[in-house]
Amino acid sequence: MTDTTFTPRVFSGIKPSGGLQLGNYLGAIKRFVGMQGQMETVYCVVDMHAITVWQDPAELAKATREVAAGYLAAGLDPKKSILFNQSQVSAHAELGWIFNCVARVGWMNRMTQFKDKAGSNAEKHSLGLYAYPALMAADILLYHATHVPVGEDQKQHVELTRDIATKFNHDYKVDFFPVTTPVIDGPATRVMNLRDGTKKMSKSGESDMERINMTDDADKIAKKFKKAKTDPEPLPETVEGLADRPEARNLVEIYAALNDVTPADVMAEYAGAQWGRFKPALADLAVSKLAPISSEMARFMDDPAEIDRILGDGSARARQIAEPILRKTYDIVGMLRS
């Protein structure tokens, strides 16, 4: 094995299905924007992952633009970061196949997200839904990404990526792919449902009142937080006092993440406060932070040609990194190219 020094590089992506919500912003996009300038940053709209379940073609195109608009409206600078949609860089699928042949079936069987999504009807779901963690590994390693900001629920997939990189390097006696580090930090890396603090906030939930959509205007944002489910007790003096209070913990963590402070800081300010004081303060904070993003998203969505131009430019820049890495991978594996 040769000693390889990898350039520090961030890669992460969001799936375009069902619209962006607060969990996407706090758990992903806000963190992506914050990492700009710290190291090279590559961000993707993973539209190939979206089709693991059926997508209406027109809606998929719209959702892809909406995720890109969300990135841009939140402050992602396409001059500082590479922003593109996955399907415009065919090397993702090509490396994904190689990693299908590196990953072991036992590893895939341990992926809890497939079990959660497929449930008792696993045999009726697509092979893509089962195998997509190998494509996710390809997304990351195609750019020799050293760091991947993810939510807690995606940590298992980054661990699989590490296993694939390690096995590839071992099998081919190279030190070619980095063993990527998942970056999971800060409050609200897993944002919960506003009506049930034991469930993750989701784009597909039954009621619109249980989530904050990134397209919600100021009035909707304020109304949803003011009507969010809580318990009868006031806020405790310490974070530990939130342990058995899922709704309270969720709202405190959302406040902390929006205000760039720690949950302990929130407790110091609001210890003993009743919800009649805290929820309006949270609503005002959320409106001040989120409503401008919603307005800017709407502006971008009114100019789809500009979104497409930015994604096209980002795809070209992504290919400049990805294609040499794919070619070298083919050489290592022994794929003949005349």
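Nothing in this text is a laboratory measurement; each read-out follows from the coordinates by a stated rule. Given the structure is predicted, the values throughout are model-derived calculations rather than measurements. With ideal geometry, Cβ positions are generated from the backbone for all residues, glycine too; neighbour counts draw on all protein chains shown.
Here is how the numbers come out for the structure above:
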item	result
Unit charges at the beta carbon, dipole of the chain: most positive-side option, Gly34, Ser17, Gly119	Gly119
Extension gain (nm, one decimal) between Ser338 and Ala243, 0.36 nm per residue minus Cα-Cα	28.0 nm
Residue (of Gln86, Ala286, Gly276) at the positive-pole extreme of the chain, dipole from beta-carbon charges	Gln86
Net charge over other residues, Cβ less than 14 angstrom from the Cβ of Ile307 (K, R count +1; D, E count -1)	-4
Relative contact order of the range 139-281, defined on C-alpha pairs under 8 angstrom at six or more residues apart (%)	20 percent
Charge dipole magnitude, Cβ of K and R +1, D and E -1 - the chain, Cα centre, debye nearest 20	440 debye
DSSP loop GluC sites (Glu not before Pro) with at most 15 other Cβ within 10 Å excluded, longest remaining stretch of the chain	1-205
Selection from Pro57, Pro246, Ala318, by position along the positive dipole direction of the chain (Cβ)	Pro57
Of Thr41, Thr166, Thr215, the one that fluctuates the most in a GNM where the chain has Cα springs shorter than 10 Å	Thr166
Relative contact order [Cα under 8 Å, 6+ residues apart], the chain, whole percent	23 percent
Trypsin sites (Lys or Arg not before Pro) restricted to the range 278-338 and DSSP loop, no more than 15 other C-beta within 10 Å	Arg337
Efficiency of FRET from Cβ geometry, Val174 and Ser126, R₀ 30 Å, rounded to 0.05	0.40
Length added when fully stretched, Lys62-Thr181, from 0.36 nm per residue minus Cα-Cα	39.6 nm
Sites Lys226 and Lys115, calculated FRET efficiency, Cβ-Cβ separation with R0 51 Å, nearest 0.05	0.90
